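For reference, the structure discussed in these notes is given below.
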Amino acid sequence: METADTHTHKQIQLDEKENCVALTSLSAIGTPIGCLLSGYVMDNFGRKKALIATQIPTIIGWIVIVCASNVGMIYAGRVLTGFGSGMVGAPARVYTSEVTQPHLRGMLCALASTGISLGVLIQYTLGAFTTWKFLSGVSIIVPVAALILMLLMPETPNYLVSKQKPEKARRSLARLRGSSYNIDREVEQLQSFAAKTNASGKKSLSLRETVQALVHPSCLKPFAILTIYFMMYQFSGVNTITFYAVEIFRDSGTTMDKNTCTILLGVVRLIFTIVGAILLRRCGRRPLTFISGIGCGLTMVGLGVYLYFKHQWDTAVPPIEPTATWFPVACIFIFITTCTVGFLVVPWVMIGELYPMKVRGLVGGFTTCMAHSFVFIVVKTYPFLTHVLERHGTFILYGCFSFVGTIFFYLCLPETKGKTLQEIEDYFSGRTKTLKKPKAGTNGQQNDENDGQQMLLANGTKPAVLSPEKNKLLP
């Protein structure tokens, strides 16, 4: 028979679980709002100022959590930190993509994802051994350091050219590229492209011009691609594994320590984020996306099937001892490995690549808003799905999403490796047919044939072939 103490203990556990879910959800609520605001700030005040402004609510939020004396203050702090993390997403990628050269852009943009993975590992590790107040205090260090360092960085040359400030763009490039670089040539290229796309006609766009730019195919096509990418990526189950890692390890029946598994998960995520950043430069965006889609699908289905059998073993009379408890742990670790090299890197890099200069900040903010909205939906629907489909059915569903996403990526995702931002914008605007490089010798052979045909038509006869001879000059 249940005693009063037992009932009270269960009620406390239930309240703690509800508070945990509420804290996770509150962070996800504040994030999309910050995303939308970041786009406006980026396009109207600059990338640098947007990155400076985004640190302020994050710092205030962590201070509120450290000083919290009740649950309400913790809720308020989580909303502010979520708001700040939403604001920083698009400006960080857009700034990096605009200050780097094409051959380094993918790898350097991916460093933001590496930083996130490092933060997850630090939170997992410290969270296992310290109090939440100490952990919150440590978390203040990152936005404070980012604020100070960003004050020392220049504005992006792309933004300065679009605002008719070529001299400031030259000074920015001189700091970014060095004195030996041909700065005037790059500024001229930026000015030429801005003139071609009407991105430098005014210092700011009117409402009508902004709407026209947003509904143009050069904006709508990449927005649709990235929105579907983020939806498929989030519904592969990555944030479910991240937020509910300890609970999933516990329910999988493994005999390994749950906190140790979670910390190891953070280590694996960090290592393979670095691997993904390196492979992004060598392999491109599409191959890494396919690896993630297929790997996530197989591992989620595998985990779901194992949990189905474990459910049968637990409900048997008498209960059957689970076997192969290493299998669900392996599925989770392989899932994180494959997911990290592609899904956790590629779409965030492409936010800074695919959009036209005129509304890059604004649409980048919309995209990160959609991404974090999907995070909120996945986090909130996970308890509901586990209630309706059981845990095994939920993970199988996530696996199916990954397989469907892989088909979509194969059909629609462009390869932007090694392409300039101008080439990518030309492709989505329809000014060029493809982003693929022409095969070596194909164009040259066709041009030679065309030239020969033109000469034949002009002269009426086939041109003579000259044979060089030793010690004689060609006529």
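The values are calculated or read from the model by the stated rules, or taken from the named source; none is laboratory data. Model, not experiment: these values are computed from the prediction. Methodologically, a virtual Cβ is constructed for each residue, glycine included, from the backbone with ideal geometry; neighbour enumeration extends over all protein chains shown. Surface areas here come from the heavy atoms of the whole protein model, side chains and all, with no ligands, DNA or RNA. Shrake-Rupley method; radii C 1.70, N 1.55, O 1.52, S 1.80 Å.
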Is there a residue being closer than 20 Å to Thr54 by Cα, part of a helix (DSSP H, G or I) and in the same structural domain as Met87 (by the TED database) anywhere in segment 124-136?
-> yes
Of all the residues that make up segment 90-105, how many are assigned to a helix (DSSP H, G or I) and at pLDDT 85 or above?
-> 11
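Taking the criterion of being closer than 30 Å to Gln164 by Cβ, under 18 Å from the mean Cα position of the chain (by Cα) and assigned to a helix (DSSP H, G or I), would at least one residue in segment 369-388 satisfy it?
Just the residues of segment 369-388 that are closer than 30 Å to Gln164 by Cβ, to begin with: 369.
Subsequent filtering for residues that are under 18 Å from the mean Cα position of the chain (by Cα) retains 369.
Checking the rest, the ones that are also assigned to a helix (DSSP H, G or I) come to 369.
For segment 369-388, residues closer than 30 Å to Gln164 by Cβ, under 18 Å from the mean Cα position of the chain (by Cα) and assigned to a helix (DSSP H, G or I): present.
Is it true that Tyr95 is touching a helix residue (DSSP H, G or I) at 6+ places or on another chain (Cβ under 8 Å) and without any contact (Cβ under 8 Å) to a residue 40 or more places away in the chain?
no
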Would you point out the residue of segment 137-154, among those that are open to solvent by less than 40 Å² (accessible area, probe 1.4 Å) and part of a helix (DSSP H, G or I), that is nearest to Glu98 (Cα to Cα)?
-> Met150
Mind telling me which of the residues Leu270, Leu226 ends up being touching a Leu at 6+ places or on another chain (Cβ under 8 Å) and within 19 Å of Thr416 (Cα to Cα)?
-> Leu226
Do you know which of the residues in segment 255-266 that are surrounded by fewer than 16 Cβ atoms within 10 Å (Cβ to Cβ) and of a type in the set (Val, Ile, Thr) is modelled with the highest pLDDT?
-> Thr260
Among (1) touching a helix residue (DSSP H, G or I) at 6+ places or on another chain (Cβ under 8 Å); (2) closer than 28 Å to Phe395 by Cα; (3) at pLDDT 90 or above - the single one Lys221 does not satisfy = (2)
Index of the failed condition, Thr210 passing every other in (1) within 21 Å of the chain's Cα centre (by Cα); (2) at pLDDT 80 or above = (1)
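Among the residues of segment 309-355 satisfying the criterion of being among the small types (Gly, Ala, Ser) and in a helix (DSSP H, G or I), which is surrounded by the fewest Cβ atoms within 10 Å (Cβ to Cβ)?
Of the residues in segment 309-355, the ones among the small types (Gly, Ala, Ser) are 316, 324, 330, 342, 352.
Okay, now just the ones that are also in a helix (DSSP H, G or I), so 330, 342.
Numbers: Ala330: 15, Gly342: 28.
Once the filter is applied, the top-ranked residue is Ala330.
Conditions tested, residue by residue: (1) more than 19 Å from the chain's Cα centre (by Cα); (2) in the same structural domain as Thr130 (by the TED database); (3) farther than 21 Å from Met370 by Cα; (4) surrounded by 21 or more Cβ atoms within 10 Å (Cβ to Cβ).
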| position | (1), (2), (3), (4) |
| --- | --- |
| Ala68 | yes, yes, yes, no |
| Gly77 | yes, yes, yes, yes |
| Thr81 | no, yes, no, yes |
| Met87 | no, yes, no, yes |
| Pro102 | no, yes, yes, no |
| Arg105 | no, yes, yes, yes |
| Leu108 | no, yes, yes, no |
| Leu111 | no, yes, yes, no |
Exactly one of (1) touching a residue at least 12 places away in the same chain (Cβ under 8 Å); (2) in contact with a Lys or Arg (Cβ under 6 Å, 6 or more places away or on another chain) is unmet by Arg250. Its number?
-> (1)
Collect the residues in segment 377-395 that are surrounded by fewer than 20 Cβ atoms within 10 Å (Cβ to Cβ) and hydrophobic (A, V, I, L, M, F, W, C), keeping them in residue-number order.
-> Ile377, Phe384, Leu385, Val388, Leu389
Can you name the number of the only condition in (1) small (Gly, Ala, Ser); (2) outside any helix (DSSP H, G or I); (3) surrounded by 16 or more Cβ atoms within 10 Å (Cβ to Cβ) that Ser180 fails?
-> (3)
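Taking the conditions exactly as written (among the polar types (S, T, N, Q), open to solvent by less than 20 Å² (accessible area, probe 1.4 Å) and under 15 Å from the mean Cα position of the chain (by Cα)), does Thr289 satisfy them or not?
Details: among the polar types (S, T, N, Q): yes; open to solvent by less than 20 Å² (accessible area, probe 1.4 Å): yes; under 15 Å from the mean Cα position of the chain (by Cα): yes.
Yes: the conditions hold for Thr289.
In this structure, does Leu362 turn out to be touching a Pro at 6+ places or on another chain (Cβ under 7 Å) and buried (at least 21 other Cβ atoms within 10 Å of the Cβ)? Full working, then the answer.
Working: touching a Pro at 6+ places or on another chain (Cβ under 7 Å): no; buried (at least 21 other Cβ atoms within 10 Å of the Cβ): yes.
Criteria not met by Leu362.
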